[in-house]
1. Would you check if A:I694 is modelled with pLDDT of 85 or more, over 24 Å from A:V258 (Cβ atoms) and within 14 Å of chain B (Cβ to nearest Cβ)?
2. Quick check on the stretch A:88-101. Is at least one of its residues polar (S, T, N, Q), assigned to a strand (DSSP E or B) and touching a helix residue (DSSP H, G or I) at 6+ places or on another chain (Cβ under 6 Å)?
3. Being over 20 Å from A:D468 (Cα atoms), at pLDDT below 90 and not assigned by TED's automatic domain parsing to the domain that holds A:V175 narrows it down to one residue among A:G550, A:G580; which is it?
4. Among the candidates A:L306, A:L301, single out the residue that is under 27 Å from A:V13 (Cα atoms) and modelled with pLDDT of 80 or more.
5. Testing A:G710 on (1) within 13 Å of another protein chain (Cβ to nearest Cβ); (2) crowded, with 23+ Cβ neighbours inside 10 Å; (3) not aromatic (F, W, Y), one condition comes back false. Which one is that?
6. How about the stretch B:120-140: which of its residues are within 11 Å of chain A (Cβ to nearest Cβ) and of a type in the set (A, V, I, L, M)?
7. For B:V192, are the conditions met, namely being within 13 Å of chain A (Cβ to nearest Cβ) and under 17 Å from the mean Cα position of the chain (by Cα)?
8. For the condition basic (K, R) and touching a Leu at 6+ places or on another chain (Cβ under 9 Å), what is the one hit in B:R88, B:R92, B:R99, B:R84?
Amino acid sequence: MRSLRGQVAAIAVVVAAGVMTLIISLITLDALTGTMDRFYRDFRFGQVFADLKRAPEPVAERLREVSGVNQVEIRVRAAVRLEIPGFADPVRGQLLSLPEGRQPEVNRLYLRAGRLPMPERADEVVVSEAFAEAHALEPGDRLKAIIRGGLEELTISGIALSPEFIYQIAPTDLVPDYERYAILWMNRRALAQAYAMEGAFNSVAVTLQAGASEDLVVAELDRILAPYGGVGAHGRDEVLSHRFLTDELDQIRAMATVLPAVFLGVAAFLLHVLMGRIVRRQREQIAVLKAFGYRNTEIALHYCGLTGLVVLVGALAGIALGAWAADGLAGVYREYFRFPEIDFRLRPGVILTGLAVSGGAALLGAIGAVRSAAGLPPAEAMRPPAPERYRRGWLDRSVFGRWLGQPTRIIFRNLARHPFKSSLSVLGVGLAGALLLVGSYQFNAVEHMIDIQYRLVQRMDTHLTFHDPVPERAIAELRHVPGVYHAEGYRAAPVRLAVGARDYQTSILGLDTGSRLRGLFDGNHRPVSLPPDGVLMTRYLADFLGVAPGDRVSVELLEGARRTLEVPLAGTVDEPLGVGVYMERRALNRLIREGPAVNGAWLLVEESRRNELFSRLWEMPRVAGVGMMAEAERGIREHLTDTILVFMGILLLLAGSIAFAVVYNNARIALAERTRELATLRVLGFTRGEIAWILIGEIGILTLAALPVGWLAGTLFAFLLSEAMSVDMYRIPFVVTPWTYAFSAAGVLVASAFSMLLIARRIRDIDMVSALKSAE
Amino acid sequence: MKAADRELETGPATAEALFEVRELTKVYLMGEVSIQALRGVDLRLLSGELAVLLGASGCGKSTLLNILGGLDVATGGTVLYRGRDLTRAGDRELTRYRRYEVGFVFQFYNMIPSLTARENVAVVTEIATDPMSPEEALALVDLEDRMDHFPSQLSGGQQQRVAIARAIAKRPAVLLCDEPTGALDSKTSVSVLQAIEDINRRLGTTTALITHNEVIGEMAHRVIRMSDGRIVDERVNSHRRPPSELHW
Ligand SMILES: Nc1ncnc2c1ncn2[C@@H]1O[C@H](COP(=O)(O)OP(=O)(O)OP(=O)(O)O)[C@@H](O)[C@H]1O
Ligand SMILES: [Mg+2]
């Protein structure tokens, strides 16, 4: 075993890599699902939600009577603008009501610090933890809120977490911005007063009785609330926080299967080769043992044990590394998912899964060799293995073959002699190359994605939202505000799209034809023009709904007079971020049965006058929010770096180690098998360089053959990954640049060069005399 | 190649020494123990001479031959080859020496299994300065009709003859054979020995041949006996017998 130390170590590294990815995913999955379930249960996360314009409180009684409904919490919900002392940028927020001085029935708060507002206090608020942390706010601190145009001074009574806002994100944002978006809770009476909602509510959350049908409750709530301007009841799946959380869990699940499978598959392959070699070497001992009466099962167990040992070492290292890495990742998850605590613990079940899965790989790798060892008849085993049979191949018959030097001929013959083993080696190295490609592809692709979104699709630098729709001329007025170069208005309207059994709740964005600030593009970045009527939608959504251009989509308007219309899908657009539905703005206005109106605007502003302009915009009573695109871009970049790119960085490291392990393993085996041959050539007067060529040439050819395999497999993996990682928030585009191919090739070549270097040392030390002493 | 029918000449054509070995010692260090394989060997090998080395197992024959062939380095003493001191040569120089001057034949043939007979010979002719063609070399050992066979398709004796063809194809000055017939039956051995004798005679290749078989000594110009790391007896054959007349 001593001489195989390098190879054993290489295999253990690959096993460790596989188990590590598995353990990271399992710990994370286990921690997040466990924590989520507990938090949801203990703090009574609602199961059906509905927003509406305004309903009198007694309507709540009718909701309570709906069959299947358990608890009902009616509340007031309002957009708010905040001013934080010492922070210049605009801050948006969402204000939610609490029953006077009590915890709500549904969506209870977890108080991190302080307390709930005292009953009857109109100036006390509880703020979300992420926001409080971003501004270092503590109970007792004050902030200013612009509520319906008036400025109110609020005191923070407590800092809290809510199951409804585990992932705290503004509805229009793609990534959390804790500095500029807040969730606040205050007493219902005070909030209702500020927003003219006394004795009424505009939002409701309910929990269900065990076994109740969510669909029926949704339909019933819709029916009851429709007269009150209900904008569609929905289950948890349309609560932003929950959706992001489940998307994340799905992605982790995808990674938890794909990556360990690849790594452990490679490990099994390496084990297969190594064990085969050990058994071939130890034929005589096996025969002697058998002659002494050892049973086949005992011999099989011996080799299984040997494999098991290698894998166990790798698996234990992988578990330790995985636990360590998961601990590091826990920090990232705590930042994005605001639970009271996330319990990142290595549970026995996870350890067992890690061991079982790697044990499976070990068995798979060992089975061939073990069977051949056990099946060896004692007499047969005493004989040396049958001589290798070589053939003269097509290469010899070709013209080229005649000019081949003998050392090169030896390389080709050896490769051709074991076509299966050679192809497996090519496959192994190719897989490593593929992983390198997948890992690096994401870096480029994410860059590309952000570029498309923020240079091509969204060319505005500032984003304004209004509380209510305003007439078109507001845009013309905006253009005259000093510091504004250009302004365009849009109309966003909440809708539920449905095709057959599938439905999706989103907004239609009404754009002006020929918009300079908001581009619409197809998959080849060619502009798509707005149809006079009909809608365009992101291809991701069209695929989800299963519609093609020309099909009709049922559009339920969730605003104003709720109507359902059939609208043709005029075409699709390709956008990497978000899920959008677009329409000509006036056509949308007609659909809603309103005059030409907008409820948001995009601006290009003069950089030097930005601050002055922003305070001016904030003072406009109709403005609900002002956002900077640069902030959004920075946010999404940071988010992607934190999540996928960190993971891909780890993947790159592991891919490098696989490439090295496979190549080094091949080289070591080739060296062991050819030592005698190489020593003979040295005796015949070949230099060290010349005999090194035989091994290095062989490794080199396998490596070169592996490059296209890696490119091909990597491109396929990248494609699958880009499909698997498509979520509402983003779709990493499938762009593989020449640079990515070059990177994958360079990685494989470096790993291969490195193992050749290690092998070269051993070639130098080949002992000519000992090779002459025995017949192999 | 009917040399066996004739009487062999008793002395090499010239008396010039190709090798001059003085006070040669070799110590193998194995951890704490040191094994004295050669304890001061003095020897001259004459140009064109066919010398047979005899001696008990472990007495140092292979060690001596390996040092002569530039495969191993001595611990002390000198080996002069055409006046050059091999004991002071580095790896590069020894490689050149083996490449251009020496042909080896070993007990276990040491064929390259992936190459045919012809290619096994070509391995050497490709890097030599004035080689014969592989076909010519194989004809010398009577293997013209097996040139495209792989080692696994040849008998032991045939493989050994390929090894001889490979050793002499570069027209080496020295042919070193370590128990070339060790793994062969007597009939096959004779044909291998015949090939060696033929080459020594026709090409004038200085040949040293190790064997355990006393009888083989009868074909040599000179028989050298070793015991415990020393040369204990040297005897010039007054009457050489062709390999075909050897029986055991
Ligand atoms: N690499 C080595 N390391 C240690 N000792 C060695 C080594 N090679 C040879 N020896 C020792 O040196 C001595 C001489 O060995 P050598 O191989 O020269 O004997 P030999 O005369 O060729 O024997 P045989 O007829 O059995 O081939 C022996 O005692 C042997 O054990
Ligand atoms: Mg010997």
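The values are calculated or read from the model by the stated rules, or taken from the named source; none is laboratory data. A quick note: this is a predicted structure, and the numbers were derived from the prediction, not measured. Every residue, glycine as well, gets a Cβ built from its backbone with ideal geometry; the counts of neighbours run over all protein chains shown.
1. yes
2. Yes, some residue in the stretch A:88-101 is polar (S, T, N, Q), assigned to a strand (DSSP E or B) and touching a helix residue (DSSP H, G or I) at 6+ places or on another chain (Cβ under 6 Å).
3. Exactly one residue qualifies, and that residue is A:G580.
4. On the way: A:L306 fails: modelled with pLDDT of 80 or more.
After ruling out the rest, the residue left standing is A:L301.
5. (1) is the only condition that A:G710 fails.
6. Hits for the stretch B:120-140 are B:V121, B:A122, B:V123, B:V124, B:I127, B:A128.
7. On the way: within 13 Å of chain A (Cβ to nearest Cβ): no; under 17 Å from the mean Cα position of the chain (by Cα): yes.
Here the answer is no, as B:V192 does not meet what is asked.
8. After applying the criteria, what remains is B:R99.
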